[in-house]
Structures are given as structure tokens and as C-alpha cells.
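Each reported figure results from applying straightforward, stated rules to the coordinates on display, with no laboratory input. Predicted model only: the values in this text are computed from it and were never measured. Note that we place each Cβ from the backbone using ideal geometry, even for glycine, and neighbour counts take in every protein chain shown.
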Amino acid sequence: MKLIQKYFPDLTEEQLRQFEALYPLYTDWNAKINVISRKDIGNLYEHHVLHSLGIATIVRFRPGTRIMDLGTGGGFPGIPLAILFPEANFHLVDSIGKKIRVATEIANSIGLTNVTLRHARAEEEKGTFDFVVSRAVMPLADLVKIIRKNIASDQHNALPNGLICLKGGELEHEIQPFRHKATVWQLKDTFQEEFFQTKKAVHIPL
């Protein structure tokens, strides 16, 4: 938790309570339904929560912004972002029912009222959103093809509507088709921990 407060010092009491509740909840649920590698659960705040909040280093979602988290798994990056931006609306989608169950239970347990969840494949989701966010669920070109239909045309934020992806490692080949419009941020420029050395946030306006 100290790690979250280090980079986000202005959290309200309610946000602190919600972030603090994540560790016992994920530990408990992960023992029943594996949504995070069992070896990695001890790194929940650094590898999952703070990593998810990397998106907040490139855009501060305005109130009323609609965001779809595609391939959310157990709720990343959607749940940490929904805590940080209580006035934005998050729709978490995953094709694996038991993962959506975990995300639903955790969102309900911490009292998130700005989150909806759906067990569905990306192709089945027809809603429109300002942004689609994702944590490395598939190659960028495949993702863009699927979610283009979901991006709304009306703009509300400083960053143009589109896709925001959290990625790691070598990206040059993957980003090639979008090289003239994609922007890449190095998370190590904000987060000092070793884990973030190769982590990036990518924005593709659509």
C-alpha cells in the first residue's frame, strides 16, 4: 500500500480503504480461482495494482468518461483505475466466466459503484466507449481490429479517444503498423521500481 501512496499521495480515505482491501480479497479469491500467478500474489500492489495505474500517468479520465477494460481477468487494469477515477465509468469484459466472477465479487466487496462487468468475447461487446484499456491480452493489430467498433466519436479528454495498452518488452515490430499515430510512454520514467524497467503504455487514437 505504501507503494500506491508514494505515487498517488492525494487519495481520499475511501480510496485508501478500497486499495487496502484489495490484498486480502485477492489473496482469498486467488486461493479458490487462480487469477494471478500464486507465486506473484505477494507482489499484488507493484505488479498488478501500480502497473494498472500506469495508465493514469498518461491520462486523467474526466468525470463521465466511459472506459472498457478488455480481457480484464481478475479486474486489471479496470478495478484499480475505477478506484482512482470514481467519476468515470468502467465496463470490464472477459471471455472467462470464473475470472469475471472474481472481479465482480471484489468490485462489490469494496463498494465500487462505477463498474459494470460482462462475461463475453470482445467481438460480442457492441457498446461504445471513449477508451478501451487492456493489459497485453493480444497483439495490438488484432486488438485494434476488434475494438474499432467500440470507440465513440465524441471527445471528452485531453488524450484523443482510442486504445490504451499496457505492454512489456520489445514493441517495435508490434507497433510498426501504427508507427505514425501511436504514442509510447516508458513507465520507468514515473515508477522507479525494477519491475517497470521494460514496461510501457501505448496509446493509439482511433
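Would you work out the Kirkwood radius for region 83-180? I mean one over the mean of 1/r across all pairs of different Cα atoms, in Å. Kindly include the intermediate steps, with their values, before the conclusion.
Numbers: mean 1/r = 0.0666 Å⁻¹.
Across region 83-180, the inverse of the average 1/r is 15.0 Å.
Stokes-Einstein D for the chain at 4 °C, 1.567 mPa s, Kirkwood Rh over Cα pairs, in µm²/s? Write down the numbers at each step before the final one.
On the way: Rh = 17.0 Å.
D, rounded to a whole number, is 76 µm²/s.
Extending each Cα 7 Å along its Cβ direction at residue 1 and residue 39, get the distance between those two points in nm, one decimal.
With each label point 7 Å from Cα toward Cβ, the separation is 2.9 nm.
Only Cα pairs under 8 Å and at least 6 apart count here; give the relative contact order of region 135-206 as a rounded whole percent.
Numbers: 86 pairs, mean separation 27.0, N = 72.
Normalised by residue count, the contact order of region 135-206 is 38 percent.
Multiply the residue separation of residue 10 and residue 27 by 0.36 nm, subtract the distance between their alpha-carbon atoms, and state the gained length in nm to one decimal.
Working: separation 17, 0.36 × 17 = 6.12 nm, distance 2.62 nm.
Roughly 3.5 nm would be gained on extension.
How many nm separate the modelled label positions at residue 198 and residue 123, each set 7 Å beyond the Cα in the direction of the Cβ?
With each label placed 7 Å out from Cα toward Cβ, I get 3.2 nm.
Show me the ranking of peptides 145-156, 59-70 by mean Cβ neighbours inside 10 Å, starting with the highest.
Values: 145-156: 14.3, 59-70: 19.8.
Peptide ranking by packing, descending: 59-70, 145-156.
Taking the alpha-carbon centroid of each part, what is the distance from region 90-141 to region 150-189 in angstrom?
19
Quick one: which residues, 5+ away or cross-chain, put their amide H under 5 Å from the amide H of residue 92? H built at 1.01 Å from N.
Amide H neighbours of residue 92, under 5 Å, 5+ apart: 69, 116, 117, 118.
Given contacts defined as C-alpha pairs under 8 Å and at least six residues apart, what's the relative contact order of the chain, whole-number percent? Don't skip to the end; give the middle numbers.
Details: 350 pairs, mean separation 37.4, N = 206.
Once divided by the residue count of the chain, the mean separation gives 18 percent.
Counting other Cβ atoms within 10 Å, which trypsin sites (Lys or Arg not before Pro) in region 165-206 have at most 15 and lie in a DSSP loop?
On the way: sites: 167, 179, 181, 188, 199, 200; in loops: 179, 181.
Here the sparse-neighbourhood loop sites are 179, 181.
Can you give the helix-only mean residue ellipticity at 222 nm for the chain, where every DSSP H stretch with n ≥ 4 adds -39500 (n - 2.57) and the sum goes over all residues, rounded to the nearest 500 deg cm²/dmol?
Taking each H run of at least 4 residues, the total per residue is -8000 deg cm²/dmol.
Quick one: check the C-alpha center-to-center distance for region 47-78 versus region 11-29, whole angstrom.
16
What is the distance, in nm, between label points placed 7 Å from the Cα along the Cα-to-Cβ direction at residue 141 and at residue 156?
Using points 7 Å along Cα→Cβ, the separation is 3.3 nm.
By a straight-distance test (C-alpha under 28 Å), which lysines pair with residue 2 as possible cross-link partners, with residues fewer than eight away in the same chain excluded?
List returned: 32, 39, 99, 167, 188, 199, 200.
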